Amino acid sequence: MSHQLGRVVSAILQRYFGDIVQQVGSDLFTYGSKPIGMIVKTTGLARSLVIDSLRTLLKFDLATFEPSANELIADYKLIPDNVLLLIRYPRYLLQMKSKYGSEAELLVEELLQQATCSASVLLVTIATKYKDDKEKNITILKLKEMFISLVTAGYIQQAPVAELKEGSEVPTLVPVATIVPDIEIRPLIQAMSSGDTSELKDNIYWRVNYDRFHLDFRDEIMIKAITRRIDENAGELMRFLLEQMYLKSPAWAAESSPLCALELRERCRGLAAERPLLHQYVDQYLKVLEENGGGFVRRVGDSGGGQLCVRAGLAARELVLAALDHTVTERLGSKAARIFRLIRARKYIEEDDIQKNAMLVNKECKQLTYKLLEEHFISVQPMRKAASSGGLAKAVYLYHIKLHDVSQAAQELCYRSLHNVLRRARSTRTAHARLRDKLRRVRTIVHGMRLRGEPQRNIDDVEETLTPPELAVLQDVEKQLKQLSTAELELDRNLFLFKWYFMYPEK
Amino acid sequence: MAGRGRGRGGSNLSFTHDQLQALGIARGDNTSQVLIPPPLFPKLEAKPLPLTSDAATDYMLIVKDLFIEYLHESPAYVKRKTKTDGIERYSDKYKMLALDAKNNKVLDCVWANMPVELRPQAKRTQVSNRKRKFADQDAIDKRLLTLEKKENQDDTDETVDTAENEKAAKTQEVNDDEEIEDEQEEEMEMDDGTDYANNYFDNGEEYDEEDDNLDDGPVY
């Protein structure tokens, strides 16, 4: 709930939903929760516009509401975390496409666009959209099967249902357990041929379960980390461990309940043909994973061929540490990173000792230490010594790293740069709005002409309305925007890491 | 000796030469005072690493742009009603038509999950239709004609007494009655609207809505 977060949220809302939703959103962010009347008053917008914006925010689950004190009107509240998720949507789609193929991608894409949708309407809309697309070969039957498997896998869940409490005018949304639906195909095909979805009586609504995707991302990060640290076979072993973990303990648990190594061995035997090395050296791999795997896995017992547990909480901590190391290196150079690592290794260290151990010139060392302190990467703890013989009370200053606070600071940095990126992209876009508009118009005209089969000469004439210098500028702008967009995605990856780390309470 | 405990003659206002040297500032290091604010965009000290660009990133960028484009086209992207700048243009008509068509679309939500105040109120478009029906010159003419005929019939009733005439008048009357009944029914339906149209309570929000016009300035 920081100032930087507010700025990012506001910028994202502007990018996705326009100025008015942005105004309403940032107003809600600053004031916490408030009813419509108050929003109208503080933003100075027309009531109908505020209502429209609130509808948008509620539809995309970016805000919630609850009955206010008098039970007649609702108080609205922004959910900043969900606003940040808007940037992660492409990643969800990529995940779907790579894991389940294009049908799953289409389903999730449509569902993200609709926010909440009933299964039958969803299926019919997608099927009609891609009816003529021979390449993809989308049939409603395949879509239905994919939908059911996605629901079973937990990527799609039932949307909360409104309940009207007695004496209250405002509904409360109650989450419901997801039941795998039984979709009849005949009415869907009928609706498709008639092109009328209003006939479908389906009032079970679905939405995307972000949490399930986040679990996938977490697993991927852990497997990738192990793969890079040891090798692919170890990564595969980590995957098995995680799969077992899902069966035995809550998905986000900081430390899983003990897993039996025997089962792992059996899994590996099953894969003997594909990964002979893993099958042959499974015990050695487990040992390496334990000793050199960054603490992702810990041996908790020896019964039953060895008991292992996966420590996701510690993994998050290790990864955040690595990210911080990297940040310090990139921002302040490798010498500062050396000091940072030294302080981390010693936990609490005096300034003199830093100078002695970091092997740097005194002045430079001091400067870098202060710089680290200034950027909140390290903190200082004064320890007063009792007044001794000298008469002067001398204080000792101990430098140390409060990981939780440093991660907060780094997260703020991410927010700040995300905001900067969004702002920069926006100003580039407005500065070249006219040219981009022209390009778009020329493209649509040319496209239309191609469809009509007009001679190439005429098409060239139209294309030449964009002069070479204009084209050069446009290319430049496109490149810039692409870079900024990529930066957004990268920043989001880091934010995910920090969010994962903050999930576990500070020790 | 009082007051001379530490240092003499105000020398404690600044560091001594030795103290400065201990802090790492040599003679002549003293820079002149900076009177200008720091630059708004300071130069980067280190060049940032290049961003990854592979097929997956490209895919995500395309998907992202498509999603944003979709949102901008959808009614979720809230815009003000189009206003003209006072200069009439020929193209205005088409522009406004296109924009307003977009504006008038209502976001497709699950209304049951929304508070009552956000649900779309049943719009009274029928009212305007009805008015137009009366404003229609033909309708007025027709009505006047029937009334005139009726009057004439009343007059002629006394003098001429043909069965045919009476029959015609009767059917006319019946027709008229039906028409009136129809209208009444229509009115009833209209007032009903849907459940959403009914405001069961007064939440007091309308209280200060009248104040909107105060901006125009006081009335002298």
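General observations
- Of the residues A:Arg207, A:Arg269, A:Arg239, A:Arg265, the single one that is in contact with a strand residue (DSSP E or B) (Cβ under 8 Å, 6 or more places away or on another chain), outside any loop (DSSP other than H, G, I, E, B) and open to solvent by 30 Å² or more (accessible area, probe 1.4 Å) is A:Arg207.
- Enumerated helices (runs of 4 or more DSSP H) restricted to segment A:14-131, each holding at least 3 residues that are charged (D, E, K, R) and either touching a residue at least 40 places away in the same chain (Cβ under 8 Å) or more than 8 Å from chain B (Cβ to nearest Cβ) (or both): A:102-114
- Applying the criterion of being out of contact with any Phe, Trp or Tyr (no Cβ under 7 Å at 6 or more places or on another chain), within 16 Å of A:Leu271 (Cβ to Cβ) and of a type outside the set (Asp, Glu) to the residues of segment A:221-236, the residue that is least open to solvent (accessible area, probe 1.4 Å) is A:Gly235.
- Condition met for A:Gly294 (more than 23 Å from the chain's Cα centre (by Cα), assigned to a loop (DSSP other than H, G, I, E, B) and not hydrophobic (A, V, I, L, M, F, W, C)): yes
- Candidate set: segment A:434-493, residues that are within 14 Å of another protein chain (Cβ to nearest Cβ) and of a type in the set (Ser, Thr, Tyr); chosen: the one farthest from the chain's Cα centre (by Cα): A:Thr444
- Any hit, segment A:171-182, residues being away from chain B (no Cβ under 14 Å) and either touching a Phe, Trp or Tyr at 6+ places or on another chain (Cβ under 7 Å) or open to solvent by less than 50 Å² (accessible area, probe 1.4 Å) (or both): yes
- For the residues A:Lys394, A:Lys402, the requirement of being charged (D, E, K, R), closer than 30 Å to A:Gln381 by Cβ, touching a Ser or Thr at 6+ places or on another chain (Cβ under 6 Å) and without any contact (Cβ under 8 Å) to a residue 24 or more places away in the chain singles out A:Lys402.
- Of residues in segment A:367-382 being among the charged types (D, E, K, R) and part of a helix (DSSP H, G or I), the one nearest to A:Ser407 (Cα to Cα): A:Glu374
- Considering segment A:149-166, the residues that are away from chain B (no Cβ under 14 Å) and open to solvent by 40 Å² or more (accessible area, probe 1.4 Å) include one that is nearest to A:Ser68 (Cα to Cα), namely A:Glu166.
- Unique residue being within 14 Å of chain A (Cβ to nearest Cβ), modelled with pLDDT of 80 or more and either over 30 Å from A:Asn203 (Cα atoms) or touching a Pro at 6+ places or on another chain (Cβ under 8 Å) (or both) when the list is B:Asp65, B:Asp141: B:Asp65
- Inter-residue pairs, beta-carbon under 6 Å, first at the interface with another protein chain (Cβ under 8 Å from one of its Cβ atoms) and in segment B:44-56, second open to solvent by less than 90 Å² (accessible area, probe 1.4 Å) and among the polar types (S, T, N, Q), 6+ apart: B:Leu51/A:Thr486
- Residue check for A:Leu259: open to solvent by less than 40 Å² (accessible area, probe 1.4 Å) and either within 24 Å of A:Pro505 (Cα to Cα) or of a type in the set (A, V, I, L, M) (or both): yes
- Consider segment A:132-148 and keep the residues that are of a type in the set (A, V, I, L, M) and without any contact (Cβ under 8 Å) to a residue 40 or more places away in the chain. The one that is nearest to A:Leu173 (Cα to Cα) is A:Ile148.
- In segment A:435-456, the residues that are under 14 Å from A:Leu471 (Cβ atoms) reach residues that are in a loop (DSSP other than H, G, I, E, B) with C-beta atoms within less than 7 angstrom, at least six apart or across chains, in these pairs: A:Lys438/A:Leu466; A:Leu439/A:Leu466; A:Val442/A:Thr465; A:Val442/A:Leu466.
- Yes/no for A:Ala177 being within 26 Å of the chain's Cα centre (by Cα) and touching a residue at least 40 places away in the same chain (Cβ under 8 Å): no
- Any chance A:Tyr76 is in the same structural domain as A:Pro181 (by TED's automatic domain parsing), touching a Lys or Arg at 6+ places or on another chain (Cβ under 7 Å) and either among the aromatic types (Phe, Trp, Tyr) or within 30 Å of A:Asp182 (Cβ to Cβ) (or both): no
- Residues located in segment A:494-507, provided they are touching a Cys at 6+ places or on another chain (Cβ under 8 Å) and either within 14 Å of chain B (Cβ to nearest Cβ) or without any contact (Cβ under 8 Å) to a residue 24 or more places away in the chain (or both): A:Asn494
- Of all residues in segment B:50-79, those that are open to solvent by 100 Å² or more (accessible area, probe 1.4 Å) and in contact with a helix residue (DSSP H, G or I) (Cβ under 7 Å, 6 or more places away or on another chain) total 0.
- The test for being touching a Cys at 6+ places or on another chain (Cβ under 8 Å) and either at pLDDT 95 or above or surrounded by 15 or more Cβ atoms within 10 Å (Cβ to Cβ) (or both) does not hold for A:Asn420.
- Inside segment A:324-343, residues that are buried (at least 17 other Cβ atoms within 10 Å of the Cβ) and either at positive phi or in contact (Cβ under 8 Å) with a residue 24 or more places away in the chain (or both) make up a count of 10.
The values are calculated or read from the model by the stated rules, or taken from the named source; none is laboratory data. Values in this document were obtained by computation on a predicted structure and should not be read as measured data. Neighbour counts are summed over all protein chains in view; Cβ atoms, including those assigned to glycine, are modelled from backbone coordinates with ideal geometry. Each accessible area value is taken on the protein alone, full model and side chains, heavy atoms only, with ligands, DNA and RNA left out. Shrake-Rupley method; radii C 1.70, N 1.55, O 1.52, S 1.80 Å.
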